[in-house]
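Student: The structure is given below, and queries will be raised subsequently.
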Amino acid sequence: MPTYKVAIVGAGPAGYFAAQALNNSADNDRSFAIDMFERLPTPWGLVRSGVAPDHPKIKTVSKVFEKIATGENFRLFANVEIGKDLSVEQLQDRYDAVIIATGTSLGKNLGIIGENLRGSLSAASFVPWYNAHPEFSGVDVPMDSDTAVVIGGGNVAMDVARMLALEPKELDPTDTADHAIEAFKKSAIRKVYIAIRRGAEHAAFTSPELRDLPKLEHTNVIINEDEINAAIARVGDSPEKDVKSNLDAMLHIAQNQKTEHDRTIEFLFFHTPKEIQGNNQVEGVVFSTPNGEVTIKSGLVVTAIGYNAIDIPGIPFENGKVVNSDGRVNGNMYVVGWAKRGPSGVIGTNKSDAAAVIELLNQDLSEPKNKNDIAELLKDKKVVTQKDWEAINAAEIAAGEPLSKPRRKGITWDQLMAHAEIYFF
Ligand code: NAP
């Protein structure tokens, strides 16, 4: 029975679901040997450095990833950067198929005046900062004014707003980075606006996340009821199912507003950002609204308006995505997940997406190449293998235990590598 060697670049949800789809498609005629490459010393992608730490349930999908990773046909090569430690050409040469699953990690820009001021940052920096991504621990997040503005009407904007407006003690039993918990405890921010450029019927939130908001124990959530009623009138009698459940969830929030807490999240619709004001640092944001210009005084602005993929030499990119046709890139290269279709959908969306691409990949396979092992090209590199990652994972979980946290994350690259060190020799 032929065994095909497949390289997956990127150890996030899309990468693991591609591995799972390969395993599911193995039969009496073919099997797969899967090597997964990851630039960071830790796998799990957005499940580790994207998902909000106050939503631990979403992270339980990592159990599925670990089951795939402990399969006999699977090897992890973390701390290995494709385009630097190995070239895309080397992968295409040594593997029967190469699957790109590198996601989209670059925050889109608004392109307005003041965007580069201190205190203006993208969710693409803020989120990995509070999630202990080793390249983002130094992000400057000024939280000394009483108001923050989050721009965007999607689930990332909601995550960011919640993290800024939570009572920080609620983060103690989570895996939020130590430095972020400390900073949130010192934060003067008490009011967080979510500024959405269109009406409520066009907001990109999903209703489960909206329905979670009233459960916040120490934060008021304010939505203007008239705005939601107007949106309900605009969509008429037969709105799309998702739009209806979003509007229902928002109406419920609007009709059950709390005002007793000293921390508040408030939704603003029809607010299009026009300019970020300030001298050396952000002092306010100017919006165009149907009633004219409005300025909100604020020392922190976080944009959550989508992401682009970061270019990797040897892979064709266009408009923030890998150039592809239904996941086929060129030669034996394929792409899955956000790098393929852009930053949309929840984690589970990547499962069906990967399965469809793996079906095409299976159609394209001919005779296996049986080339030499890639490991010989990585002799001088400290590769973090699955065993090493398991050591990092165990060390983090053990460090979290006395603090009743699911884990206490290593903050720097060196800390993470030190956790794995015992397995290197
Ligand atoms: P998103 O859902 O696409 O939302 C992006 C938002 O940014 C939209 O409201 C968009 O408004 C707005 N926007 C874009 N350009 C703008 C501009 N120039 N000025 C003002 N607003 C602008 O993206 P996301 O929030 O980054 O989320 C990405 C994906 O991850 C989504 O599918 C999301 O559901 C998922 N996610 C899920 C969870 C969860 O399930 N808990 C958590 C986080 C993320 P327009 O519609 O007007 O363009």
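Student: Would you list which aspartates and glutamates come within 13 Å of LYS59, measuring only between C-alpha atoms, while excluding same-chain residues fewer than 8 positions from it?
Tutor: Filter leaves ASP175.
Student: Compute the distance from the alpha-carbon center of the stretch 198-235 to that of the stretch 137-179, in whole Å.
Tutor: The two parts, judged by their Cα centres, are 20 Å apart.
Student: Which of the peptides 315-323, 230-238 is most tightly packed, and how do the rest follow, judged by the mean count of other Cβ atoms within 10 Å per residue? The partial results should precede the final answer.
Tutor: Details: 315-323: 15.7, 230-238: 12.2.
Packing order, densest peptide first, comes out as 315-323, 230-238.
Student: Next question. In terms of modelled amide H atoms, which long-range or inter-chain residues lie less than 5 Å from the amide H of LYS274?
Tutor: When sequence neighbours closer than 5 places are left aside, the close amide H contacts are VAL286, PHE287, SER288.
Student: Further, regarding this structure: Student exercise: in the stretch 109-305, how many lysine pairs 8 or more apart or on different chains have Cα atoms under 22 Å apart?
Tutor: Taking the stretch 109-305 as the scope, the lysine pair count is 15.
Student: Out of all DSSP beta bridges in the chain, what portion is antiparallel? Express it as a percent rounded to 5.
Tutor: 30 percent
Student: Also, quick follow-up: At a Cα cut-off below 27 Å, give the lysines reachable from LYS381, other chains included and same-chain residues fewer than 8 away excluded.
Tutor: Qualifying lysines at Cα under 27 Å: LYS5, LYS67, LYS84, LYS369, LYS371, LYS409.
Student: What number, in nm² with one decimal, is the all-direction average of the projected area of the convex hull of the alpha-carbon atoms of the chain? Before the final figure, lay out the partial values.
Tutor: Values: hull surface 87.9 nm².
In nm², the orientation-averaged hull projection of the chain is 22.0.
Student: For a quick check: sort SER344, SER325, SER87 by the number of other beta carbons within 10 angstrom, fewest at the front.
Tutor: Least to most surrounded, the residues fall as SER325, SER344, SER87.
Student: Output the antiparallel fraction of DSSP beta bridges having both residues in the stretch 109-305, as a percent to the nearest 5. Don't skip to the answer; put the middle values down first.
Tutor: Working: 12 of 34 bridges.
The answer is about 35 percent antiparallel.
Student: 222 nm [θ] for the chain, helices only, -39500 (n - 2.57) per DSSP H run of 4+, per residue, to 500?
Tutor: Helix-only estimate at 222 nm: -9000 deg cm²/dmol.
Student: Related question: Tell me the angle of helix 13-25 to the major Cα principal axis of the chain, expressed in degrees between 0 and 90 and rounded to the nearest ten.
Tutor: Roughly 40 degrees between the two axes.
Student: Order 117-126, 158-167, 59-68 from most to least packed using the mean count of other Cβ atoms within 10 Å.
Tutor: So the peptides 117-126, 158-167, 59-68, ranked by packing, come out 158-167, 117-126, 59-68.
Student: Using the 10 angstrom Cβ neighbour count as an exposure proxy, how do THR206, THR174 rank, fewest first?
Tutor: Lowest to highest Cβ neighbour count: THR206, THR174.
Student: Any idea how far apart GLN257 and ASP242 come out in nm if each label point goes 7 Å out from Cα toward Cβ?
Tutor: 2.8 nm
Student: If you look at just the Cα atoms of the stretch 349-425, how large are its Rg and its Dmax in Å?
Tutor: Using the Cα atoms of the stretch 349-425, the pair Rg, Dmax is 18.6, 53 Å.
Student: Relative to the longest principal axis of the C-alpha atoms of the chain, give the angle of the C-alpha long axis of helix 386-400, reported between 0 and 90° and rounded to the nearest 10°.
Tutor: Around 30 degrees separate the two axes.
Student: Hey, what's the Cα Rg ratio for the stretch 109-305 versus the globular rule of thumb, 2.2 N^0.38 Å?
Tutor: 1.00
Student: Could you state the number of Å between the C-alpha centres of the stretch 359-403 and the stretch 16-70?
Tutor: A separation of 11 Å, based on Cα centres.
Just so you know, all these numbers are worked out from the coordinates, no wet-lab data involved. On a predicted model such as this, the values are computed, not experimentally measured, just so you know. Cβ coordinates were reconstructed from backbone atoms using ideal geometry, including for glycine residues, and neighbour counts include every protein chain displayed.
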